[in-house]
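Q: One structure is given below, represented as structure tokens, and several questions about it will come after.
Only the coordinates and a few stated rules stand behind these numbers; no lab work does. It should be emphasised that the depicted structure is a prediction, and the values quoted were computed from it without experimental measurement. Using ideal geometry, Cβ is built from the backbone for each residue, glycine included, and neighbour counts are taken over all protein chains shown.
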Amino acid sequence: MTTTNPFESALEGFPTEIEEGGKAYRKFPYMPVGEAVDMGHDENGTPLFDPRIFDSGEFARNPYPYYRILRDHYPVFHDQLHNCYFVTRYEDITNCYFDEVGFNTIPKGSSSGVLGNTQLELSGIEHRRRRNIYGRHLVGAALTKRIHALKELANELIEEWWEPNNKKDIEINKETNTVTLELGKAFANEFPISVVAQVLGIPQEAREQFTWWYDAMMSGLGGSDTHHEGLEARQDLEEYVEELVEERRSKPTYLHDENGDEICLDIISELCHSEIDGSVMSTEEITSFIALVVGGGGETTRGAILNLWYLLLQHPEQYKQVKENEELWDTAFHEMLRHSTSIGGQPRHNTFDIEMHGVHIPAGSLMHMVDVSANHDEQIFKNPEDFNIFREDLYSGKILRSGHNKEGQCSHMAFGVGPHLCPGAWISHQETVIGSQILEGVFKNVRINTGRMPKDIDGESLAPIGLGSIRELWLDFDLQD
Amino acid sequence: MEIDEADYEEEPDAKPGYRTYEVYQRERVGETTNLIKPRQLISDEYLSDPYPLVAILRENYPCYRDWLSNCFWITRYDDVTSVFADDQNFETRPKRWYLDSANFGRDLWKYLPVQWAYQRKIDENIETVSEEAISSIQDPSFDLARNYAARIPLALWQKILNITLDQAQEFAILYLRMQRSARWNPQFRHKGIQSMNELAALLEPVFNERSKAPEDDFISAVAQLELPNQPPTVQDLVITILELDHETLHGGLANLWFNLLTNPEEKEKVIQDHRLMKFAWRETLRYSAPTLVADRFAKQEVERFGRLIPKGGLLRCSSAAANRDPRQFEDPNTFIIGRKDLCQREPRGQYRADGLPSGIAFGLGKPSIHPAVPKERPRSRYALTRDAAVTASLMLLEEKPAIKIAKGIEPRLTCPEIGEMHTCWELPAVWN
């Protein structure tokens, strides 16, 4: 074809097909952990940042070098593909969390999803009132008196391992005297959910059904193909809770201490008898609340137990010291949460038009506070990619709503800070540490069964935790004499 | 609907424990939406043929909460037009906002001398420009998309701005780069911002000259404006050019000829009666609008379509869905020139005229609320663009009535990238 189009050169770059560079789902190569894919540079050498990386497999397994680029070059990153802003530095996130008025939690029209309208989406006095109803069940004296119940539940679960034909796929090899198990299936999946069910006051006989609802609701959150099941599970749960609530309204039940004395009402009974602005909570509200406690208290603690063991067993010298000094379990728990927490961050919406780091953010924009990035902010934590329970810059004392940032020590952001600090922080801490201590007593010469573990891209080394928690943890240990 | 598995293999499955909590948050929805996944709306499938996907939204989820792209999809004709007409509640963010260049310059389109100059130059030159494009075709086969549809708007810009061919060639490169960049892709955006600066540098000498010695063109009209605060600058000129439509004439011309050549019996109707070319253009904008969506942001919390839209919430208005809404158009998935349920003149108010829907073409601004064009104003951009496209197309049809698609070629419409126009980028044709 010969033509004399004077604008031919302008059309040279014109695509005729869907462009590789413009594809919505660009394939990013897997990189060695800690290294980022080259996404291009500007003329000053500043790396460009492609928002498609957030949806990639590479990002899920190796997120930290990308958050480092954001912290270094785009502390507020406007992601036009996902219509949101990412805030990645520790200091900025802390400031936003404390400013409840400027950065609100009102969801973008998500009032009736699988979980329902939950506490996470409330602000101000309404948030505080509700929180005060159940908060005390999860902390302080009420919890301390119930430590015995945590221990009993953990021991019960471990006892089941030795029962013939149990459902936990425990492999006992008498010849080599070893036990092989997957820690999630054997313990971590069930333990937190049993604790939650007990605190809530779900009757023992309904626990199994409860676990099923929990699984269905959790998977219903993840995407639309299982969403329908999630909603059905919620509907079932709501019907069940309705009866339970009616029962508890007339006949409240209590949590008990070691001696069988009443400590306080269980959470459902408490909610049934609490008034907010002069009226009792509706069954719908109570169901949403239960759904949130279940979601917040199950999945996260499961991840914490698995991640803690995965990291400790990969750092045997640190594990050895933890075994020798029980107090180090607390420190290890906090360092694990700093290094690899299950919760990526929290969404906020700016109430006013603002400018942060030179970026204008119109009011009402979705802003992601990336807690995992704050936990790896090298301005706060030295060598943040290292798992080191002896690091001196991490505060690992009592979890405070006000956070901790003094004398060279900062709290990690896994539980957030400010008004929305995770109310389950303390109970989750107790579950993880007590559960792990009990496991440690059973695990003789414990080691990772590397043969069964998911591998990284080289096909040899163990897969990194990445975002969230590892999916399974296969362990071998020796039978006790 | 088949999804290319290869595109998803490295994506994590939606299982508990594998996705971050923020993804849970984003994907929570108020109703079951099992028929579609948000990622399909930014998939290659959407880029090549968006119509089946947006039809799922329109018929099932008229205000679909898309947790991945954090927006609400509005897909029914009356819903889309109601958002467009509602300035009290919804705002448009200009292209320069997407380019992080809100302060680069001002958009001076609202000044009438600028609009008059634009209209005059298009009207004066469309015939010459079309004739040059048609006569430059030497072979009996040629690519109609590149050498006709893409060429004519660029050649028109040379005339509108009244610049030399050398300048126009450089302008064309920078202009297209700038127009393509106003989206999420960081590589493109970076190039776009560079191009804006280079365009300003390219046009500055001409702009300065015409400030002192005006001629009859767009640049002079901008340069001669008397503005209250600060005199016009070359940056204002660049922004005014950026904010003007670039998709409709180029994409519309390509799509018009794609539709004519792939529907020979409809083309025959136009050959029989040239007056139908105008209707073919209107049907093209309905049946295959080059701009698939337009975004509007809620200025305050507002209840619409059974949902509470929060302040700042993004409504993604789909012309692809609305223009094929069976509530408005009979047999909406067929290209029918002169259909009875489509108004055949430029739209008014809520994209209607003569009691009929007009089809929605984004990029040309809001339809006028006046029943007729006031005398002191130039024709709307709808009319201007339509007249230019119809003139150019009739000239081609008269010159080459036997034109048809080259043998063995199956042309198609695509968006090369999310947010870009949906058009035919390659249309090899023969006239023998």
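Q: If we count other beta carbons within 10 Å of each Cβ, what is the order of A:211, B:81, fewest first? Present the calculation step by step, with values, prior to reporting the outcome.
A: Details: A:211 17, B:81 23.
So the residues, fewest neighbours to most, are A:211, B:81.
Q: Same structure again: Is any helix in chain B, taking whole DSSP H runs, at least 20 angstrom long along its axis by alpha carbon and on average at least -0.5 on the Kyte-Doolittle scale, and which ones?
A: Details: long enough: B:112-135 (35 Å, -0.55); B:165-180 (22 Å, -0.22); B:186-212 (39 Å, -0.69); B:247-262 (21 Å, 0.42); B:381-399 (27 Å, 0.29).
Helices passing the filter in chain B: B:165-180, B:247-262, B:381-399.
Q: Additional query: With labels modelled as points extended 7 Å from the Cα through the Cβ direction, what inter-label distance (nm, one decimal) is found for residue B:340 paired with residue B:165?
A: Roughly 5.2 nm, to one decimal.
Q: In addition: Using the basic label-point model (7 angstrom from Cα toward the beta carbon), what is the residue B:132 to residue A:450 distance in nanometres?
A: According to this spin-label approximation, the distance is 7.1 nm.
Q: Can you put B:395, A:367 in order of Cβ neighbours within 10 angstrom, beginning with the fewest?
A: Numbers: B:395 18, A:367 23.
Fewest to most other Cβ atoms nearby, the residues stand as B:395, A:367.
Q: Work through the residues other than residue B:267 whose Cβ is under 14 Å from its Cβ and net out their charges, Lys, Arg +1 and Asp, Glu -1.
A: Around residue B:267, the charge tally is -3.
Q: What distance in nm lies between label points placed 7 Å from Cα along the C-beta direction at residue A:171 and residue A:16?
A: Result for the modelled spin labels: 5.6 nm.
Q: Using amide H atoms built 1.01 Å from N in the peptide plane, name the residues 5+ places from residue B:365, or on other chains, whose amide H lies under 5 Å from its own.
A: Amide H neighbours of residue B:365: none.
Q: Express the relative contact order of chain B as a whole percentage, based on alpha carbon pairs under 8 Å and six or more residues apart in sequence. Spell out each step's value before the answer.
A: Working: 666 pairs, mean separation 95.2, N = 432.
Dividing the mean separation by the residue count of chain B yields 22 percent.
Q: For residue A:356, enumerate residues with amide H under 5 Å from its amide H, sequence gap 5+ or separate chain, H modeled in the peptide plane.
A: Residues meeting the amide H criterion: A:361.
Q: Note down the Stokes-Einstein diffusion coefficient of segment A:327-481 in µm²/s, whole number, using a Kirkwood radius over alpha carbon pairs, 20 °C, and 1.002 mPa s.
A: Values: Rh = 18.0 Å.
My calculation gives 119 µm²/s for D.
Q: Turning to a different aspect of this structure: Starting with the highest mean, order A:265-274, B:44-53, A:235-244 by the number of other Cβ atoms within 10 Å, averaged over the residues of each peptide.
A: On the way: A:265-274: 20.7, B:44-53: 18.3, A:235-244: 16.5.
Output ranking for A:265-274, B:44-53, A:235-244: A:265-274, B:44-53, A:235-244.
Q: Tell me the Kirkwood radius of the protein assembly as shown: reciprocal of the mean inverse pair distance over distinct alpha-carbon atoms, in Å. List each step's numbers first, then the result.
A: Working: mean 1/r = 0.0326 Å⁻¹.
For the protein assembly as shown, the Kirkwood estimate is 30.6 Å.
Q: Continuing with this model, one more query. Defining a contact as two alpha carbons under 8 Å apart and six or more residues distant in sequence, what relative contact order in percent does chain A show? Don't skip to the end; give the middle numbers.
A: Details: 686 pairs, mean separation 98.0, N = 481.
Relative contact order of chain A: 20 percent.
Q: Would you list the membrane-span-like helices of chain A, meaning whole DSSP H runs whose alpha-carbon atoms span at least 27 Å along their axis and whose mean Kyte-Doolittle value is at least -1.0?
A: Working: long enough: A:227-250 (35 Å, -1.49); A:283-314 (46 Å, 0.67).
The answer, listed by residue number, is A:283-314.
Q: Using the per-residue mean of other Cβ atoms lying within 10 Å as a proxy for protection, in what order, highest first, do the peptides B:366-377, B:315-326 fall? Intermediate values should be presented prior to the final figure.
A: Details: B:366-377: 11.3, B:315-326: 24.2.
Those peptides, ordered most packed to least, come out B:315-326, B:366-377.
Q: Another question about this same structure. At q = 0.10, 0.12 Å⁻¹, what is the log10 ratio I(q)/I(0) for chain A, with the Debye formula run over Cα points and no solvent?
A: -0.83, -1.19
Q: In whole Å, largest first, what are the principal axis extents of the Cα atoms in segment A:162-290?
A: Principal-axis extents of segment A:162-290 (Cα, largest first): 66, 48, 20 Å.
Q: Report, as an integer, the average count of C-beta atoms from other chains found within 10 Å of each Cβ along B:174-180. Before the final figure, lay out the partial values.
A: Numbers: counts 1, 2, 5, 2, 0, 0, 4.
If you average over the peptide's residues, the count of other-chain Cβ atoms is 2.
Q: Starting from one equal scatterer on each C-alpha and no solvent at all, send me the Debye-based log10 I(q)/I(0) for segment B:112-430 at q = 0.08 Å⁻¹, two decimals.
A: Those come out to -0.39, one per q.
Q: Follow-up. Would you mind counting up the charge near residue B:256? Only other residues with Cβ under 13 Å from its Cβ, with Lys and Arg at +1 and Asp and Glu at -1.
A: Values: positive: B:267, B:278, B:282, B:286, B:386; negative: B:266, B:283.
Charge balance in the 13 Å sphere: +3.
Q: Any idea what the alpha-carbon Rg over 2.2 N^0.38 Å comes to for segment A:436-475?
A: Details: Rg = 12.1 Å, N = 40, 2.2 N^0.38 = 8.9 Å.
Relative to the 2.2 N^0.38 Å estimate, segment A:436-475 comes out at 1.36.
Q: A further question on this structure: So if I restrict to the alpha-carbon atoms in segment B:145-267, what is the Rg, and what is Dmax, the biggest pairwise distance, in Å?
A: 16.6, 57
Q: What is the Cα radius of gyration of segment A:286-383 over 2.2 N^0.38 Å, N being its residue count?
A: On the way: Rg = 18.2 Å, N = 98, 2.2 N^0.38 = 12.6 Å.
Expressed relative to 2.2 N^0.38 Å, the Cα Rg reads 1.44.
Q: GNM on chain B, C-alpha springs below 10 Å: top fluctuator among B:119, B:167, B:272?
A: B:272
Q: In peptide B:412-420, what is the residue-averaged number of other protein chain Cβ atoms found within 10 Å of each Cβ?
A: Values: counts 1, 0, 5, 5, 10, 8, 7, 3, 4.
For peptide B:412-420, the averaged partner shielding equals 5.
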